[in-house]
Amino acid sequence: MVTFFKPPLMLMFFCMLCCVQKMYAQHPGKNDTIQSIAIIYDGDTMELKTLEFVFVYVKLSAAQAKANAKYNRLRNAVYVTYPYARRAGAVMNDINAKLTAVKEKEDRKKYIKSREKELKKEFNDPLTNLSVYQGKVLMKLINRETGNNCYEIIKEYKGGVTARLYQTVAFFFDSNLKQSYNADTDDVTIERIVKEVQRMYGYDNAPHAKAM
């Protein structure tokens with residue numbers, strides 16, 4: 001009977017380890033290096049990595065939250081009312097251009113009345129849904145588009161008595177038909193939002209019209 005020699009388990013492990021070391025010695029550097037991009041900063045070589053974005057949120061103070069809410073309210077009002085102001089300004093500027101050739105007072109009244117119907121038909125429903133605050137912003141923007149405040153426009157089209165009546169009504173709503181528009185000082189924020197609206201919807205930035 002032939003008996004086979006069975007080497008101990010530890011001896012087999014030792015033999016395998018020796019084979020692996022021999023293979024590694026014959027092929028140095030195969031798997032012992034991981035390539036990475038490096039940067040030299042102030043004489044030191046450091047690994048260069050691009051970290052993922054980290055978003056940091058800070059709780060606003062009461063004053064900051066109030067200012068943020070105020071800005072958002074104004075921004076929303078400009079987005080809502082600027083298309084109306086732009087269209088109304090175009091119609092009013094066209095009326096003013098046409099009136100330069102109309103000399104008779106009765107003919108001027110007749111023409112203004114016909115265009116007034118056009119404005120009412122187009123804007124009566126949407127404008128009645130505006131809030132008082134949005135109405136104030138709209139008056140600012142109409143001034144921007146026409147070069148005239150709303151008091152001057154009403155006085156020109158409807159007469160001084162009607163303009164004064166409307167001004168009185170506006171007073172009770174803490175508003176003023178004679179409010180001006182100054183893109184460089186008082187209304188710089190509105191102007192910035194208007195430019196934002198123009199870029200978003202592809203409006204051209206036409207210069208303000210001259211006053212009547």
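Just to check your reading of the model, which residue among Ala183, Ala163 is free of Cβ contacts under 8 Å to residues at least 24 places away in the same chain and surrounded by 12 or more Cβ atoms within 10 Å (Cβ to Cβ)?
Testing whether each residue is free of Cβ contacts under 8 Å to residues at least 24 places away in the same chain and surrounded by 12 or more Cβ atoms within 10 Å (Cβ to Cβ) leaves just Ala163.
Does Ile190 qualify as being among the hydrophobic types (A, V, I, L, M, F, W, C), closer than 16 Å to Arg87 by Cα and crowded, with 18+ Cβ neighbours inside 10 Å?
On the way: among the hydrophobic types (A, V, I, L, M, F, W, C): yes; closer than 16 Å to Arg87 by Cα: no; crowded, with 18+ Cβ neighbours inside 10 Å: yes.
Spelling it out, it is not the case that Ile190 is among the hydrophobic types (A, V, I, L, M, F, W, C), closer than 16 Å to Arg87 by Cα and crowded, with 18+ Cβ neighbours inside 10 Å.
Criterion first (out of contact with any strand residue (DSSP E or B) (no Cβ under 7 Å at 6 or more places or on another chain) and closer than 16 Å to Asn148 by Cβ) does Asn68 satisfy it? Before you say what the answer is, go through the steps one by one.
On the way: out of contact with any strand residue (DSSP E or B) (no Cβ under 7 Å at 6 or more places or on another chain): yes; closer than 16 Å to Asn148 by Cβ: no.
No; evaluated as a whole, the condition is false for this residue.
Hey, can you tell me all the residues within segment 119-150 that are crowded, with 20+ Cβ neighbours inside 10 Å, farther than 19 Å from Leu74 by Cα and without any contact (Cβ under 8 Å) to a residue 60 or more places away in the chain?
Asn149, Cys150, listed by residue number.
Exactly one of (1) farther than 29 Å from Asn76 by Cβ; (2) in contact with an Asp or Glu (Cβ under 7 Å, 6 or more places away or on another chain) is unmet by Tyr181. Its number?
With respect to (1) farther than 29 Å from Asn76 by Cβ; (2) in contact with an Asp or Glu (Cβ under 7 Å, 6 or more places away or on another chain), Tyr181 is out only on (1).
No value in this document is a laboratory result; all are computed from the given coordinates. Nothing here was measured: the structure is a model prediction, and the numbers come from that model. Note that we place each Cβ from the backbone using ideal geometry, even for glycine, and neighbour counts take in every protein chain shown.
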